[in-house]
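First up is the structure itself, then whatever we jot down about it.
The values are calculated or read from the model by the stated rules, or taken from the named source; none is laboratory data. Just so you know, these numbers come straight off a predicted model, no measurement behind them. Neighbour counts are summed over all protein chains in view; Cβ atoms, including those assigned to glycine, are modelled from backbone coordinates with ideal geometry.
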Amino acid sequence: MHGPVLPGWLLVALCAATGSYCLLRMRSGSARARRAAGGEAVMGFGMAAMAVPAAFLAPPPWMLTGYAVVFGGAALRALWLAWGGAHHLHHVVGSLAMVYMALAMTPPAGGAGAQAGHAGHAAGGVPLLTGVLLVYFAGYVLSTGARLLPGAAAGAPGATLTWGARPELALACRLSMGIAMLAMLVTV
């Protein structure tokens, strides 16, 4: 990820922590909830890997292609699972956004000579597509954040939930990954 180093590392920590909690969520709940948590764990760890500041480790082109392949596969899996629930459609959009960012980070073929006049600039994305994704994720962040407000979701009084089955923590993870996606898209 291009940009300042400290925010990049904070983004790596946030995404890795979110991915770890999603792994914990995979241990409880229904099969559908476990599949969703698994998809979110892949997204969290993948975002953490892609958010490593380029000043620390510039990923080789083959790694960026690997990200595109992994998230393309995740998008296909989420599309397959979308037949059963709307949340998986968000996973499709998120996975395709990761494919887009990986491809946008890939330098053009031809090496340094192909970038004449653009020395010091990385490959970029399509402004219109980046804008559409920014609007989508901004809306997702706002709607998810609104569901975290007191009184927005009524929990069963007296119910004891394990850490892996707390709906407000799952929403908080989704919110943090949405914010992280916004931060990553801004750098494209």
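Considering only residues that are buried (at least 17 other Cβ atoms within 10 Å of the Cβ) and not aliphatic (A, V, I, L, M), look in the range 13-29 and name the one that is farthest from M98 (Cα to Cα).
It comes out as G29.
Could you look through the range 30-78, keep only residues that are among the aromatic types (F, W, Y) and surrounded by 15 or more Cβ atoms within 10 Å (Cβ to Cβ), and pick out the one that is nearest to P108 (Cα to Cα)?
Ranking the qualifying residues of the range 30-78, first place goes to Y67.
Residue by residue, here is whether (1) closer than 20 Å to C173 by Cβ; (2) part of a helix (DSSP H, G or I) holds:
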{"position": "M47", "(1), (2)": "yes, yes"}
{"position": "A54", "(1), (2)": "no, no"}
{"position": "L57", "(1), (2)": "no, no"}
{"position": "L76", "(1), (2)": "no, yes"}
{"position": "W80", "(1), (2)": "no, yes"}
{"position": "H90", "(1), (2)": "yes, yes"}
{"position": "A97", "(1), (2)": "yes, yes"}
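Answer yes or no as to whether R166 is over 30 Å from A55 (Cβ atoms), charged (D, E, K, R) and modelled with pLDDT under 95.
Yes; evaluated as a whole, the condition is true for this residue.
Under the condition of being touching a helix residue (DSSP H, G or I) at 6+ places or on another chain (Cβ under 9 Å) and not in a helix (DSSP H, G or I), which residue from the range 131-161 is modelled with the highest pLDDT?
Among them, the one singled out is L148.
Just a yes or no: is a residue in the range 92-103 closer than 17 Å to A183 by Cα, of a type in the set (G, A, S), surrounded by 18 or more Cβ atoms within 10 Å (Cβ to Cβ) and in contact with a Leu (Cβ under 6 Å, 6 or more places away or on another chain)?
Yes, the range 92-103 has at least one match.
Working carefully through the options A36, A41, A16, find the one that is modelled with pLDDT of 95 or more and in a helix (DSSP H, G or I).
Of the residues listed, the single one that is modelled with pLDDT of 95 or more and in a helix (DSSP H, G or I) is A16.
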